[in-house]
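Data first, discussion second: the structure below is written as structure tokens.
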Amino acid sequence: MNVENINEKTLKFREKAVNSHDMNSPVFFDRYTVLDENPYASAFAYGRKKLFAKMDSEIDDRLRGKGKVLEVACGTGYYLNRLAEKGYDMTGLEPAQGMRERAQAKNPNVTVVDGIATELPFPDNSFDTVVSIELFRYLEAADIKKAYEEILRVLKPGGFMIVTLVNR
């Protein structure tokens, strides 16, 4: 991480978000377990059911079951697993250790790496698609811009991104 170019407020904000997700990784794991059991059991489960159906449709229409997909902030690995089961070549990126460990355990045949959206540890033009679910609401404005630049950098020509966010 190039710390000299990052202000202290941004670093604290990042640390707080990562620590919160690390600590709450069991909660997120449970929420996705509920989604599999009954997608109508909670607003979270139902919202994800609808969101994932739309995302799947966009990805499947464009990639037709083949392609390299990066999930930035992959959390517990639920969506990684969903796309890997369809045959996509998946890679996950997750800065929170608890989330990353759950993602790797759920997806033993998928590469899940430690990292942040503003410094993607991948070469240019590496992925056909990049997805990121609810990450950007945790970022400061400068980090949002840098994360988008990084996503565009790692996308192959003609590639596309799907990013979801809720206003803060």
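A few remarks follow.
- Solvent-accessible area per residue in the stretch 1-83 equals 59 Å², computed with a 1.4 angstrom probe and all protein chains kept.
- Length available on full extension from Lys66 to Lys9: 0.36 nm per residue minus the Cα-Cα distance, which gives 16.4 nm.
- For the stretch 159-166, backbone phi angles converted through the Karplus equation (6.51, -1.76, 1.60; θ = phi - 60°) give residue-by-residue couplings of x, 9, 10, 10, 10, 10, 7, 10 Hz, Gly and Pro being listed as x.
- Integer Hz, Karplus 6.51/-1.76/1.60 couplings in order for the stretch 49-63, x for Gly and Pro: 4, 5, 4, 5, 4, 5, 4, 4, 4, 4, 5, 5, 4, 8, 9
- Label-to-label distance, Asp30 versus Lys145, with points set 7 angstrom from Cα along the beta-carbon direction: 4.1 nm.
- In a DSSP loop and with at most 16 other Cβ atoms within 10 Å, the trypsin sites (Lys or Arg not before Pro) in the stretch 38-116 are Arg64, Lys66, Lys86.
- Here's how it looks for Val131: its modeled amide H is under 5 Å from those of Leu70, Glu71, Val72, Ile162, which are all 5 or more places away or on a different chain.
- Radius of gyration (Cα atoms) of the stretch 73-117, expressed as a multiple of 2.2 N^0.38 Å: 0.98.
- Surface composition of the chain: carbon plus sulfur atoms hold 51% of the accessible area, using a 1.4 angstrom probe and ignoring ligands, DNA and RNA.
- The slack in the chain from Phe44 to Met23, taken as 0.36 nm per residue of separation less the alpha-carbon distance, amounts to 5.7 nm.
- Fluctuation leader among Val27, Val131, Val112 - the chain, Gaussian network, Cα springs under 10 angstrom: Val27
- Per residue solvent-accessible surface (Å²) - the stretch 89-145, probe of 1.4 Å: 42 Å²
- Ratio of the Cα radius of gyration of the stretch 1-87 to 2.2 N^0.38 Å, where N counts its residues: 1.36
- The Cα atoms of the chain give a gyration tensor whose axes a ≥ b ≥ c have a/c of 1.5 or more with a/b no greater than b/c, which makes the shape oblate.
- The stretch 19-59 - convex hull of alpha carbons, volume per residue in Å³: 78 Å³
The values are calculated or read from the model by the stated rules, or taken from the named source; none is laboratory data. Being a predicted model, the structure only gives us computed values, none of them experimental. Quick reminder, even Gly has a Cβ in these numbers, built from the backbone with ideal geometry, and neighbours come from all protein chains shown. SASA here: full protein model, heavy atoms, side chains in, ligands and nucleic acids out. Shrake-Rupley method; radii C 1.70, N 1.55, O 1.52, S 1.80 Å.
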